[in-house]
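The values are calculated or read from the model by the stated rules, or taken from the named source; none is laboratory data. Computed from a prediction, not measured in an experiment: that's the story for all the values here. Using ideal geometry, Cβ is built from the backbone for each residue, glycine included, and neighbour counts are taken over all protein chains shown. Protein only, heavy atoms only, side chains kept; ligands, DNA and RNA dropped before computing areas. Shrake-Rupley method; radii C 1.70, N 1.55, O 1.52, S 1.80 Å.
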Amino acid sequence: ALNKLPGISSQGGNLVKLNLYFLFNNYLNWKRTELQEPASYAPGIVHRLDKDTSGVMVLAKDKTFAAAFAQCLKSRSNITKAYIGVVEGIPRPILTLLNPKTERKLKRKKAPQNFLELGFQKRYIVTSAEIGGEEESKESRTNYEVLGIVKIKKNSHETSYLLSPKVYPELELSDSDVKEFFEEIEGEEEVVYNTIIRYEIEGGRKHQIRIHSAGVLETPVESGIKYNEENIVEDYVEKVLKD
């Protein structure tokens, strides 16, 4: 098990020569030759992470382990695949809590008394619309939990955070802290928000997190350029609504 750095592909391709499989295979060959280890390795990639995604990856030294681990992944036996992402803006369900009438308009936000409970509760998205250009429509589910909201003043770059009391109970947040976080900014200084979200996926459809985040929550993953384009998001939301 290792922590894959961003910018490294899991596997090679026509234009990808430097990749995790290549590095891992070279490492095992070095152990076999330089350290004279008798083991015969048949390395394999048993799951993948996107090139720009960092995180834990498990690699197989032999086919026996590769087959066993692949079966565990398929059945989700004792394995949870969790992802943490930073998204642009605040998810629609959270905005609805702040102001049910205006939703997307942050200028008139008013935090409810129970925001600390409702704003950070676990939620899920279920769709059976087409995902990632795949022809067959299959149900996919993304469980997600807001870990924190970041507020940035664009002119001064002053940054403040509202973190989940479920994850950080030692912070002892109060309703007044929430109200202060969402209150109007004086003057003309522009404010932008980012949200930190923990995802757990069921189904594992291609680009599921990116599409669910942009198309349903209306908060594209930072640097997820492919799904930030309005036409792609609108087309996907339209499919979800029809479904």
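Some points to look at:
- Rolling a 1.4 Å probe over the protein heavy atoms of region 27-97, with every protein chain left in place, gives an accessible area that is 53 percent carbon and sulfur.
- Projected label distance in nm at residue 183 and residue 154, using a 7 Å step from Cα toward the beta-carbon: 2.4
- Using the Cβ-Cβ distance between residue 67 and residue 11 with R0 set to 22 Å, the FRET efficiency works out to roughly 0.80.
- Legend: calculated FRET efficiency, residue 33 to residue 58, from the Cβ-Cβ distance at R0 = 30 Å, rounded to 0.05, equals 0.75.
- Cross-link table 51/122; 122/166; 151/206; 31/61; 81/151, entries beyond 20 Å C-alpha to C-alpha: 51/122; 151/206; 81/151
- Additional length obtainable on full extension of the chain from residue 23 to residue 74, 0.36 nm per residue less Cα span: 15.8 nm
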